[in-house]
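What follows draws every value from the coordinates through simple rules; no lab data is involved. All figures in this text were calculated on a predicted structure; none of them were measured in a lab. Glycine gets a Cβ as well: all are built from the backbone with ideal geometry, and neighbour counts include every protein chain shown.
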Amino acid sequence: MPWMRGLCDPEGGAAHYAQLGADPAKTVFISGIGCSSRFPYYMETYGFHTIHGRAPAFATGLKLANPELDVWLVTGDGDGLSIGGNHTMHLLRRNLNCQIMLFNNEIYGLTKGQYSPTSREGTTSPSTPYGSVDHPARPAAFALGSGARFVGRGFDVSKNLPDVLKAAHAHQGAAFIEIFQNCIVYNKDVFEDFAAPKGAEDRQLWLEDGKPMLFAGDSKGIALDRDALTLKVVGVVDGDWEAAGVIVHDVTNRSVAHMLVEMPFGEFPMALGVLYDDPKATFEDAVVAQNKAASEGKSADLGKLLSKGQTWTVTEGGPEL
Amino acid sequence: MNPAALKTNVPALREGGLIIADSGEFSKRNLDKAKYDSNPLEDGSLARWQLLAFDISALTIEAVKDFGLGNKDALRCKNMWTLGLALWMFDRDRQPLIDWLNAKFAKKPDIAAANIAALNAGHAYGETAELSGPLKQYHVEPAPAEAGLYRTVTGAESISLGLVAGAQLAGLPMFFGGYPITPASAILHHLSRLKEYGITTFQAEDEIAAICAAIGASYAGSLGVTSSSGPGIALKGEAMGLAIMTELPLVIVNSQRGGPSTGLPTKTEQSDLYQAVYGRNGDAPMPVIAARSPVDCFDCAIEAVRIATEYMTPVMLLTDGYIANAAEPWKVPDLDGYKPFPVEFMNEAPEGGFMPYARDNKLARPWVKPGTPGLMHRIGGIEKAQDTGHINYAPENHQAMTDIRKAKVDGVAGSIPDQEVCLGQAGAKLAVVGWGSTFGPIHQAVKRAQRKGLDVAHVHIRHIWPTPANLGDLLRSFDRIIVPEMNTGQLKTLLRDQFLVDAKPVNKVSGQPFTIAEMEAAIEEALK
């Protein structure tokens, strides 16, 4: 992961933090279990390598206890969508202000290659010698369906990934980033169909806010099929994308975001970049505000609390013990 | 008593005790429902007891007829009518109940008035009815008590207040992560209303998230607390292991209920002792404290916070459904009597450099809040190297770290009081050794046995793990030991294992607390 190398390198790392406007002492990387979750050990920040699937819950407690911290979650397709799918969903719907990097390699790497919830149907693995029969989970659609207010996508070797991460970091609230990760040991080149440099232009749609959804050297674009209420690929002649009906990407358009995360690769290019970014009040802000409002005008006098309610006094000279 | 209530409860009534039955409820239909072949009020089957049967239903309807309630609502006042009669029987003041009813039904003044009328009518019935026979008035003198200010407190309230006090004594904000479960939810409810005490409560998506969030908060420098009952505690097991491995403070409250599985959610039991002491993967030692009564929960909660923060360890506090829901009078404690144990966070590297797993004289590691400049480090569940805290799989390091974790928790025994004998003397012929909510029946039974001249002592253990330093010697001073428990013998096993003493089990797992009579019988049996 070239972009990660930058963050890990003590000197280059500082520059990256400065770029993000981040302070390593206030940054905490929290991970679950899996290849993805070794990540905190490579960072010169605070880090907590927790238990399988539960990183979102630890992050929630951490952030509620100290909202000043800059919290990154590192998870994978098994950790974040299988054993920890529940926690991922609840963190997203609560909108805890943090960044979630889900490294999707479509395989259980650390346990030597079993198929994962994102593995494509028919994946052969030690636990599915005749091929997997499950329908795979789609991380970005899952996140958006759970209420995420930021959904980004990139892949391990893409040069645009740092920009997606920067946008995620700038987003106030839960920012979900699906990062396709090539597991060179157990699931080699599973993303080559769109990630390979050769032909990438035709197979990758890099989304930019306010820009038309163009790909294939601007010769094709994404338009709305108004009859079917779906997206469609249209040809663009002489650069006249408006005439072709190509949609201008609006990162705050939730309806289009739903269509982008559902867009089947093959028939369509892979949608990458910031698919959706529309902030909403964060969980920790709401909790802090409520705690403050409920405490207003009240003292933390414990003696008063202990003697609250109906009391009575036993006087000296009463029955002896 | 209606037929169903009579059938369920009459076995618990001692011979010669008084049954007050509502004859208006003893219809053919209700008798059939309760599976009575004949009417027990008439067939002589209640001859062992005193019986007072009259039509409370009709008397209640009569008492509340001015309030325009329907028959169903009117009959709902029956409990207040009967309570009024009971207050007369024991010569007790009605005013606190009247105040309570007025407050409870502040928005429904008619209902309040009807209930008060029923209460007064029941009382007046006792005063005026020309009842010969069993109905007599008794005057019970107030129980002997130390002078001071009193209130009533339930176990759930007392734990909540103790946790608040503990957090204040430690100088920490508190974070409570919980998930609804019977009978533990009341703690979440109480703490949710105490935000001005620096408490953040979080109703998590599940039991696992509740404890993980609490550990996350402890990592951030708050006092993390979570609470549940057996099934939820089972789910939290892996996270407890992480708190043990990362050596972060945490208080876990287990309000035990009947098990296994969903078991008896609303009934009391003490069957999670093994789970508390042994119930985690790996060698995962963790201090365990058990409260004996609602009032005792307060001190136990403070003690749990002290151990957790001084030793950087999760601590489990055991109560049960009986303690959580029961209320008792409580002499409001003077907080000046509690010694503060303020937490000192590490803010800068000590001389010789910062090491996340360096240890103090209690073998506790430093507590560093993320956000502290210059002390960035990584923690996690993989085995840590001594001192540096780096990942380390070396055989000798795992041996050393396992030994350290054990020694740290064993060392807690050095900070707890010696085990006392709460009734009787060391060296008695028989010790009745209990823990948790069996305190009341054991204590009374031992008292009665002593009055009969039997050489019996009562030992009640608060510190289940590690046990007080003198416990082995104390237990060996007795000729015989019985261990009454609402399980199949869990403390008994622990005591036998730790001290090689011949502790004999006395067990009850019916979901009901021991009665004093059962305890007395067990004592007599043990002394045979």
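Rounded to the nearest 0.05, the FRET efficiency derived from the C-beta distance between B:LEU18 and B:ASN79 at R0 = 22 Å is 0.80. Site pair B:VAL509 and B:HIS189 shows an inter-label distance of 3.0 nm when each label is modelled 7 Å from Cα along Cα→Cβ. Cα centroid separation, the stretch B:24-45 to the stretch B:363-442: 58 Å. Rounded to the nearest 20 debye, the dipole magnitude of the stretch B:127-230 is 240 debye, with +1 charges on Lys and Arg beta carbons, -1 on Asp and Glu beta carbons, and the Cα centre as origin. In this structure, the pairs whose alpha-carbon distance is over 27 Å, taken from A:LYS63/B:LYS408; B:LYS108/B:LYS195; A:LYS63/B:LYS384; B:LYS33/B:LYS136; A:LYS63/A:LYS280, are A:LYS63/B:LYS408; B:LYS108/B:LYS195; B:LYS33/B:LYS136.
If R0 equals 35 Å, the separation of the Cβ atoms of A:ARG226 and B:LYS107 corresponds to a calculated FRET efficiency of about 0.05. Backbone N atoms of the stretch B:370-386 closer than 17 Å to the 7 Å Cα→Cβ label point of A:ASP23 belong to residues B:370-377. Neighbouring Cβ atoms from other chains, within 10 Å of the Cβ of residues in B:148-161, number 3 on average. Would you mind getting me the FRET efficiency between A:LYS188 and A:GLU267? Use the beta-carbon distance for r and R0 = 22 Å, nearest 0.05. For R0 = 22 Å, the calculated efficiency reads 0.35. Using C-alpha pairs below 8 Å separated by at least 6 residues, the relative contact order for the stretch B:441-528 is 33 percent. Across the stretch B:151-337, the relative contact order, built from alpha-carbon pairs under 8 Å that are at least six residues apart, equals 29 percent. For the pair B:LYS362 and B:ALA47, the difference between a 0.36 nm per residue extended length and the Cα-Cα distance amounts to 107.0 nm.
Peptide B:201-208 has a mean of 5 when you count, residue by residue, the C-beta atoms of other protein chains within 10 Å of its C-beta. Taking 7 Å steps out from each Cα toward its Cβ at A:VAL157 and B:ASP455 produces label points 8.6 nm apart. Computed 3J(HN,Hα) for the stretch B:181-186, one whole-Hz value per residue from the Karplus formula 6.51 cos²θ - 1.76 cosθ + 1.60 where θ = phi - 60°, is 7, 7, x, 8, 4, 4, glycine and proline marked x. Each peptide in B:198-207, A:69-78 was scored by the mean count of other Cβ atoms within 10 Å over its residues; highest first, the order is A:69-78, B:198-207. Taking a Cβ cut-off of under 12 Å around B:ALA112, the surrounding Lys, Arg, Asp and Glu residues balance to a net charge of +1, with basic ones at +1 and acidic ones at -1. Averaged over peptide B:189-197, the number of partner chain Cβ atoms lying within 10 Å of each residue's Cβ comes to 4. In this structure, the residue pairs whose Cα-Cα separation is over 21 Å, taken from A:LYS292/B:LYS236; A:LYS112/A:LYS188; B:LYS331/B:LYS452; B:LYS7/B:LYS267, are A:LYS292/B:LYS236; B:LYS331/B:LYS452. With a simple spin-label model that places each label point 7 Å from the Cα along the Cα-to-Cβ direction, the separation between A:THR111 and A:HIS258 comes to 3.4 nm.
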